[in-house]
Amino acid sequence: MSNNILDNLLLIPLKSLYWFTVTFLPPWYNWWVIPIINLPLGVLPLVLHRAILNRKNLIAAPLPPPLKEPGPDLTYWPDDGVGVNRLNPQAAALGSPFGLNMKRIAVNKRLLEYPREVQFLAQKLMARTNFKPAGDQLNVMAAAWIQTMVHDWVMHHDDNKKPSVILSKGAAFGCPMSTFRFSPTLERTTDDSYDNGRVAWWDASFLYGQTNEQVRRGRTYTDGLLKVNTEYPNTLPTKDGILQVGDQKNSWLGVALLQELFLKEHNAIATEIAKNHPELAGNDEELFRRARLVVAAVVAKVHTVDWTCELLKTRTLEVGMKTNWYGLLGALNAPKWLSFWKPLSLIGHKTTNDYGVPFCLTEEFVAVYRLHSLMPDGLLIGEDEKFIPVDEFFAQKGEEFIRSQPDMPEKLLLSVLKYPCGNLELHNYPLAFRTLNPTSDDGVPKPDSDQVDLAALEIWRDRERGIQRHNDFRRALGLRPFKDFDDLTSYISKKPKPELVKDLIEAYGKNGIEDMDLIVGNLAEDKIPGFAISETSFTIFLLMASRRLQTSPFLNEKFTDEIYSSTGKAWVDKTSGLADVLERHYPQIARQIPKGQSAFKPFAAWPSKYTA
């Protein structure tokens, strides 16, 4: 019996059980407080909720009609993502539209019915007062990782043909920029959706680039290898001041460190495949394609069973995320002789499962990934822990810094592994992002006249794109809306937060819970114990993270020795986290991570002078 059949057989009773739990169990029932001895009762409500979301909260992107005949059966990641879905070749491809998880707010209500200007909200609620670190849960590498994944998945286009939007009341609120301008988001000509400027498939395009031109620029065309920097080892290759490998738009050193790490990973894989498969030796195209397949799968696995488990630090979610990859028995460390049976896993199936909606990422997915509060104010570098402000690490300025000393890449890598990132809460949005210079696609900073206050801009973008207000967003996901700001900020801990409530009331009014913007609500929510993100954000993750696995043919019917090569498939199987990747390429740094600890967990605290 295939896993798909098993999952479908389980679905009917599990949906009934979920309905029973949300209908009849007392209001104090929560899946995250179920004792560990009853762990399946904690996992099952999540499985059930996800099943319901898959049927209620997937609104397809407006794609061309499906082909009458399937397209070619690809055995490699195409540069632009076209044709991965044979029946809907434009699905998730470069330039395809974002989908939705719920209806948009009507156009005429998007910007006009919110109280207060976005600059006021950015200054009053978001601006960092003192740096609040994420304790011992997540390090700066975890922040760099998710920013790297954003470079893999999503980007909106600016509409430079329309008049700029001008926000000009910042001086009245004490904002670092009294006035700034930006372009509206570019809408499609056929409807009011927006195109994705990145390939949405989990194809490691953060490393290879989003277009054929970008991918070609980074290749050597010898033995399947990517270019390296021979002049400045352990940094990305450059030509005429332009980085030659990877997606570089609006980047910083944290992303560059991961791009360089996976550049090494790609070249090591290509070399190993050529060594173990003589029939492929010297075949540059085949070696490149198979190495890319392996890198993309390694990235997907690290994200699923390592990064996410640290983000949602509970035993229930650890089992849940590992079940996605290994199946429930594997997640529970069942005997190896049972490894052939992987109930509830989302990979390795004979066919993909998209629940009748071609894969795309959604506007709501983009909205909950607004996680810039993770960024610290700077990094502590070297044995003397010299503090370097984070604005030294953006774009080309950061590339100059990483080449300032021969051992600087290793120093930076150790720093982002060692220290905590910022906590996702209000009053913790970094100042450096509030006077930010966007860049071109090649990573070249635009002039100071194009600077933006990203905190204010993020609120504006959600309104412009019709993202539901926080309480309506929760309703659409089957979550309980909040009664008031006291409920919002203490519904789990039962610990009142009067100062935070006071700020929210000043921003939205005493009865303004229904007006609150999504990003504000997500940062204000009382968190589930062990969670770095809000329950609202988590619910989108629960749905969309699963779809990235379920809908990818290269993690299902094409996740085979034949397509990856036996060496490549074994490489993915032996990788259990980012620490394994670091051990392969920076063993001297990997050894400093405490044994058995995730590479996304810090192992030192910020000195008190840098924190609240």
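Observations
- Of residues in region 323-357 being polar (S, T, N, Q) and not in a loop (DSSP other than H, G, I, E, B), the one nearest to residue 51 (Cα to Cα): 324
- Unmet requirement for residue 527, which otherwise passes all of (1) closer than 28 Å to residue 135 by Cα; (2) surrounded by 21 or more Cβ atoms within 10 Å (Cβ to Cβ); (3) among the charged types (D, E, K, R): (2)
- Hits in region 490-515 - residues which are outside any helix (DSSP H, G or I), at pLDDT 95 or above and either among the hydroxyl-bearing types (Ser, Thr, Tyr) or crowded, with 22+ Cβ neighbours inside 10 Å (or both): none
- Residue in region 120-127 that is assigned to a loop (DSSP other than H, G, I, E, B) and touching a residue at least 24 places away in the same chain (Cβ under 8 Å) present: no
- Here region 460-487 is the region considered, the condition is being among the basic types (Lys, Arg) and outside any helix (DSSP H, G or I), and the residue that is surrounded by the fewest Cβ atoms within 10 Å (Cβ to Cβ) is 483.
- Check on residue 170, on the phi > 0 side of the Ramachandran plot and more than 27 Å from the chain's Cα centre (by Cα): no
- Pick from region 267-322, criterion touching a helix residue (DSSP H, G or I) at 6+ places or on another chain (Cβ under 7 Å) and in a loop (DSSP other than H, G, I, E, B), ranking: nearest to residue 569 (Cα to Cα): 277
Yes/no matrix, rows are residues, columns are (1) in contact with a Leu (Cβ under 7 Å, 6 or more places away or on another chain); (2) farther than 29 Å from residue 527 by Cα; (3) of a type in the set (S, T, N, Q); (4) touching a residue at least 24 places away in the same chain (Cβ under 8 Å):
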residue	(1), (2), (3), (4)
376	no, no, no, yes
407	no, yes, no, no
416	yes, no, no, yes
423	no, no, yes, yes
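- Consider region 205-227 and keep the residues that are in contact with a helix residue (DSSP H, G or I) (Cβ under 6 Å, 6 or more places away or on another chain) and under 26 Å from residue 100 (Cβ atoms). The one that is surrounded by the most Cβ atoms within 10 Å (Cβ to Cβ) is 205.
- Elements of the type helices (runs of 4 or more DSSP H) sitting completely within region 131-230 and holding at least 3 residues that are of a type outside the set (Gly, Ala, Ser), closer than 30 Å to residue 598 by Cα and at pLDDT 95 or above: these cover 140-153, 205-208.
- Test for residue 137: is it under 22 Å from the mean Cα position of the chain (by Cα) and not hydrophobic (A, V, I, L, M, F, W, C): yes
- There is no residue in region 92-105 that is of a type in the set (Ser, Thr, Tyr) and modelled with pLDDT under 95.
- First in region 476-498 and within 16 Å of residue 518 (Cα to Cα), second anywhere and in a helix (DSSP H, G or I) and among the hydroxyl-bearing types (Ser, Thr, Tyr), Cβ under 7 Å, 6 or more apart: 477/539; 479/536; 479/539
- Hey, residue 599 small (Gly, Ala, Ser), within 26 Å of the chain's Cα centre (by Cα), in a helix (DSSP H, G or I) and farther than 24 Å from residue 81 by Cα or not: no
- Only one entry of 296, 331, 291 meets the criterion of being free of Cβ contacts under 8 Å to residues at least 60 places away in the same chain, surrounded by 20 or more Cβ atoms within 10 Å (Cβ to Cβ) and out of contact with any Leu (no Cβ under 8 Å at 6 or more places or on another chain), and that entry is 331.
- Only one of the numbered conditions (1) over 30 Å from residue 59 (Cβ atoms); (2) modelled with pLDDT of 95 or more; (3) not aliphatic (A, V, I, L, M) is not met by residue 474, and that is (1).
- Region 516-538, subset β-branched (Val, Ile, Thr) and in contact with a strand residue (DSSP E or B) (Cβ under 9 Å, 6 or more places away or on another chain), residue modelled with the lowest pLDDT: 528
- When 74, 48, 39, 25 are checked against the criterion of being surrounded by fewer than 19 Cβ atoms within 10 Å (Cβ to Cβ), in contact with a helix residue (DSSP H, G or I) (Cβ under 9 Å, 6 or more places away or on another chain) and at pLDDT below 85, 39 stands alone in meeting it.
- When 112, 138, 121, 87 are screened for being out of contact with any Pro (no Cβ under 8 Å at 6 or more places or on another chain) and either surrounded by fewer than 23 Cβ atoms within 10 Å (Cβ to Cβ) or under 26 Å from residue 549 (Cβ atoms) (or both), only 112 passes.
- Only one of 199, 245, 255 that is aliphatic (A, V, I, L, M), farther than 30 Å from residue 364 by Cβ and crowded, with 21+ Cβ neighbours inside 10 Å: 245
- Consider region 557-578 and keep the residues that are touching a helix residue (DSSP H, G or I) at 6+ places or on another chain (Cβ under 6 Å) and in a helix (DSSP H, G or I). The one that is farthest from residue 273 (Cα to Cα) is 578.
- Within region 349-371, being in contact with an Asp or Glu (Cβ under 9 Å, 6 or more places away or on another chain) and farther than 18 Å from residue 199 by Cα holds for 349, 350, 351, 352, 353, 370.
- Pairs meeting the criteria (first residue in region 198-222 and over 22 Å from residue 281 (Cβ atoms) and touching a residue at least 40 places away in the same chain (Cβ under 8 Å), second residue of a type in the set (Lys, Arg) and in a loop (DSSP other than H, G, I, E, B), beta carbons under 7 Å, at least 6 apart or on different chains) are 205/198; 210/198.
- Those residues of region 90-105 which are closer than 13 Å to residue 199 by Cβ and surrounded by fewer than 18 Cβ atoms within 10 Å (Cβ to Cβ), in sequence order: 95
- Evaluation of residue 124 against (1) closer than 28 Å to residue 157 by Cβ; (2) in contact with an Asp or Glu (Cβ under 8 Å, 6 or more places away or on another chain); (3) at pLDDT 95 or above (one fails), failing number: (1)
- Complete set of residues in region 128-177 that are among the aliphatic types (A, V, I, L, M) and touching a His at 6+ places or on another chain (Cβ under 7 Å): 149
The values are calculated or read from the model by the stated rules, or taken from the named source; none is laboratory data. Keep in mind that this is a model prediction, so the values were computed, not measured. Backbone-built Cβ (ideal geometry, glycine too); neighbour counts: all protein chains shown.
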